[in-house]
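The values are calculated or read from the model by the stated rules, or taken from the named source; none is laboratory data. Just so it is clear, the structure is predicted and the values come from calculations on it, not from any experiment. Reconstructed Cβ throughout: ideal geometry from the backbone, glycine too, with neighbour counts over all protein chains shown.
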Amino acid sequence: NAGVTQTPKFRVLKTGQSMTLLCAQDMNHEYMYWYRQDPGMGLRLIHYSVGEGTTAKGEVPDGYNVSRLKKQNFLLGLESAAPSQTSVYFCASSFWQEAFFGQGTRLTVV
Amino acid sequence: TQLLEQSPQFLSIQEGENLTVYCNSSSVFSSLQWYRQEPGEGPVLLVTVVTGGEVKKLKRLTFQFGDARKDSSLHITAAQPGDTGLYLCAGNSGGTSYGKLTFGQGTILTVHP
């Protein structure tokens, strides 16, 4: 069982560059989430989706965009990376309550 | 914005001691969950509480959901070094924010042998 798979696992970007983080789940879950985790901040919700073709803003959406064109995939885009976006990014999916997480993507913006 | 406040942020105790972690909010949640996270890994679910006043036990861990469904607590009895980790509470929103899952800032627990 793959569960929730995030790619890439590590990435270094220069300020102003763009990139897309891919999240794929094979559990047929309706809900998917993108979080960022910084020291002492827990997990902060960036965007989430309650179904294919839908997205909604979380607590810290600025500087990020998302798309859910297929039920199994949730993409997180950074159009113009900034050093403040250096963080560990986690994707998660759930059927209703229990969320299953990927292994995380460590992103550094220099 | 529905905020979840966890306390304490850090907890360092000796093996065999008891501890309680609190998760509080001014908002009502349809359910509250507790997760544990190891370094380099994503969080893993420990328990979900749904009904106000509900108490669930998982071996040495006891979880309680407040009567008003705004707060929760995690109590660990006779802590062991293997309990060391980051503990996170999370709330499921209802209404217009249905499906939104919000986390507290976490409690870093260290249990010394």
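Listed by position, the strands (runs of 3 or more DSSP E) inside region B:67-113 whose residues that are more than 10 Å from chain A (Cβ to nearest Cβ) number at least 2 are B:71-76, B:85-92, B:107-112. Looking at this structure, is B:VAL50 free of Cβ contacts under 8 Å to residues at least 40 places away in the same chain, surrounded by fewer than 17 Cβ atoms within 10 Å (Cβ to Cβ) and β-branched (Val, Ile, Thr)? It is true that B:VAL50 is free of Cβ contacts under 8 Å to residues at least 40 places away in the same chain, surrounded by fewer than 17 Cβ atoms within 10 Å (Cβ to Cβ) and β-branched (Val, Ile, Thr).
Of everything in region A:58-101 that is assigned to a strand (DSSP E or B) and hydroxyl-bearing (Ser, Thr, Tyr), the residue that is nearest to A:PRO8 (Cα to Cα) is A:TYR89.
One line per residue, one yes/no per condition, for (1) under 30 Å from A:PHE10 (Cβ atoms); (2) within 12 Å of the chain's Cα centre (by Cα); (3) surrounded by 13 or more Cβ atoms within 10 Å (Cβ to Cβ); (4) aliphatic (A, V, I, L, M):
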position	(1), (2), (3), (4)
B:LEU4	yes, yes, yes, yes
B:GLY16	no, no, no, no
B:TRP34	yes, yes, yes, no
B:GLY42	yes, no, yes, no
B:THR62	no, yes, yes, no
B:ARG69	no, no, yes, no
B:LEU74	no, yes, yes, yes
B:PRO81	yes, no, no, no
B:THR96	no, no, no, no
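Tallying residues that are away from chain B (no Cβ under 14 Å) and at pLDDT below 95 within region A:59-91 yields 1. Figure legend. Inter-residue proximity from region B:14-40: first residues away from chain A (no Cβ under 13 Å) and in a strand (DSSP E or B), second residues exposed (fewer than 13 other Cβ atoms within 10 Å of the Cβ) and not acidic (Asp, Glu), beta-carbon distance below 8 Å, spacing 6+ or different chains. Indicated pairs: B:GLN14/B:HIS112. Somewhere in region B:4-15, is a residue within 12 Å of B:GLY91 (Cβ to Cβ) and charged (D, E, K, R)? Yes, there is a match, as at least one residue in region B:4-15 is within 12 Å of B:GLY91 (Cβ to Cβ) and charged (D, E, K, R). In region A:29-57, the qualifying residues are those that are part of a loop (DSSP other than H, G, I, E, B) and in contact (Cβ under 8 Å) with a residue 60 or more places away in the chain, and the one that is farthest from the other protein chains (Cβ to nearest Cβ) is A:HIS29.
Check whether at least one residue in region B:1-9 is out of contact with any Asp or Glu (no Cβ under 6 Å at 6 or more places or on another chain), in a strand (DSSP E or B), closer than 17 Å to A:ALA92 by Cα and within 10 Å of chain A (Cβ to nearest Cβ), and report yes or no. Steps first, please.
Step one: of region B:1-9, the residues out of contact with any Asp or Glu (no Cβ under 6 Å at 6 or more places or on another chain) are B:1-9.
From what is left, the residues that are in a strand (DSSP E or B) are B:5-7.
When the remaining residues are screened for being closer than 17 Å to A:ALA92 by Cα, the result is none.
No, region B:1-9 contains no residue that is out of contact with any Asp or Glu (no Cβ under 6 Å at 6 or more places or on another chain), in a strand (DSSP E or B), closer than 17 Å to A:ALA92 by Cα and within 10 Å of chain A (Cβ to nearest Cβ).
Of the listed requirements (1) closer than 21 Å to A:VAL88 by Cα; (2) at pLDDT 95 or above, B:LEU19 misses just one: (1).
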